[in-house]
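The values are calculated or read from the model by the stated rules, or taken from the named source; none is laboratory data. Bear in mind the structure is a predicted one, so any value in this text is a computation, not a measurement. Backbone-built Cβ (ideal geometry, glycine too); neighbour counts: all protein chains shown.
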Amino acid sequence: MKARIVPLNEIPTIKDEEWRDTGRHIWVQNGMAHIPVKDGYRYDTELADRKPYTGRGYQLIGNIAVVHGIRPTEKEIDEIDKQTGAAGILWIRSLNGVERIPETELLAGETGDVLHREEGISYWIDPSRVMFSQGNREEKKRMSGAVKKGERVADMFAGIGYFTLPVARKGAHVHAMELNPVTCGYLQRNCKENHVTDRVTVSCGDCRTRLDGLYDRFIMGHFDALSMLPDALEHAGKGTVLHVHSRGPAPPSPEGITGEYGFDASVITRKIKKYAPHQWHFVQDVYLS
């Protein structure tokens, strides 16, 4: 792999450079970042191709390796460190409460604010303080393709901007609501980082009390979304589309609730991923008429 060597603190300044090979991971070694370089551009060093990794699974968020499930062994920690060259290795024991606040243990190195890039979007996050969901990548892409320019969209559980940012970049006007004040701070920062502050209104607090006016589309990306469907329907009209997330062995039936509010509903159900034995993550596209 051809690479340029830069200090870690310079990574954000080169995120959009044409020479970067964004299809390969940054390698961190001795406090310096080795940035993959596309063919035909200047490079500082050439690293030998690494053998396929067969060890403990992890997620790389920025330059932090994150591990879920059972606490990794010292051998597994060492394997992850050698594979990733990460600045830190973080074990997430659990995600607690409705705000899904991480309970973590730093296993190696250090953690803090990192810049994570995905599908051309930049996310500032400290994974020891705020949850980051990488499993919804295809759903994020689907949402950005579904919206129309000028739509008014309610993102009721915005997080750090998982859906808000790609949808706003497509030209929608997004009302992004987030209960956790720490997460809301990253949401505001990420709107600035991605230059969409003119199309995003951020409300920090309970989405049920922050909804305002009528919306063309609702993104309800929380497993408790169905319980808040009545709150959304108070701000919906004929032609509104709601994307309702849930978890369970089978999808719920939102038609009963929509009928109580005078709407006919056409529902398309999608399986996103298996969450646990006999537990699936579903998204239901609810079209009101």
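Quick notes on this structure:
- Qualifying strands (runs of 3 or more DSSP E) (wholly inside the stretch 49-116; at least 3 residues being at pLDDT 90 or above and under 19 Å from the mean Cα position of the chain (by Cα)): 64-67, 88-96
- Qualifying positions in the stretch 105-158 - within 27 Å of Gly213 (Cβ to Cβ), touching a Ser or Thr at 6+ places or on another chain (Cβ under 6 Å) and of a type in the set (Gly, Ala, Ser): Ala158
- Members of the stretch 189-220 that are surrounded by fewer than 23 Cβ atoms within 10 Å (Cβ to Cβ) and closer than 17 Å to Met131 by Cβ: Arg189, Cys204
- Among the residues listed as Arg210, Arg247, the single one being modelled with pLDDT of 95 or more and under 30 Å from Asp126 (Cα atoms): Arg210
- Residues in the stretch 12-49 that are hydroxyl-bearing (Ser, Thr, Tyr) and farther than 22 Å from Asp81 by Cα were compared, and the one that is surrounded by the fewest Cβ atoms within 10 Å (Cβ to Cβ) is Thr13.
- Among the conditions (1) in contact (Cβ under 8 Å) with a residue 12 or more places away in the chain; (2) farther than 26 Å from Ala158 by Cβ, the only one that Ile101 does not satisfy is (2).
- Scanning the stretch 132-160 for residues that are within 11 Å of the chain's Cα centre (by Cα), part of a loop (DSSP other than H, G, I, E, B) and free of Cβ contacts under 8 Å to residues at least 40 places away in the same chain returns Ser133, Ile160.
- Taken over the stretch 246-289, the criterion of being under 20 Å from Ala236 (Cα atoms), part of a strand (DSSP E or B) and either among the hydrophobic types (A, V, I, L, M, F, W, C) or over 24 Å from the mean Cα position of the chain (by Cα) (or both) is satisfied by Ala265, Ser266, Val267, Ile268, Val283, Val286, Tyr287, Leu288.
- One residue stands out among those in the stretch 81-98 that are charged (D, E, K, R) and free of Cβ contacts under 8 Å to residues at least 24 places away in the same chain: the one that is surrounded by the fewest Cβ atoms within 10 Å (Cβ to Cβ), which is Lys82.
- For beta carbons closer than 6 Å, sequence separation of 6+ or different chains, a first residue in the stretch 12-25 that is assigned to a loop (DSSP other than H, G, I, E, B) and a second that is of a type outside the set (A, V, I, L, M, F, W, C), the qualifying pairs are Trp19/Lys38; Trp19/Tyr41; Asp21/Pro36; Asp21/Lys38; Arg24/Pro36.
- Of the criteria (1) outside any loop (DSSP other than H, G, I, E, B); (2) surrounded by 11 or more Cβ atoms within 10 Å (Cβ to Cβ); (3) at pLDDT below 90, which one Asn9 fails: (2)
- Filtered by the rule that a residue be in contact with a His (Cβ under 7 Å, 6 or more places away or on another chain) and either polar (S, T, N, Q) or farther than 18 Å from Val283 by Cα (or both), the stretch 213-242 gives Gly213, Leu214, Tyr215.
- Of the candidates Tyr43, Tyr53, the single residue that is assigned by TED's automatic domain parsing to the domain that holds Val6 and in contact (Cβ under 8 Å) with a residue 40 or more places away in the chain is Tyr43.
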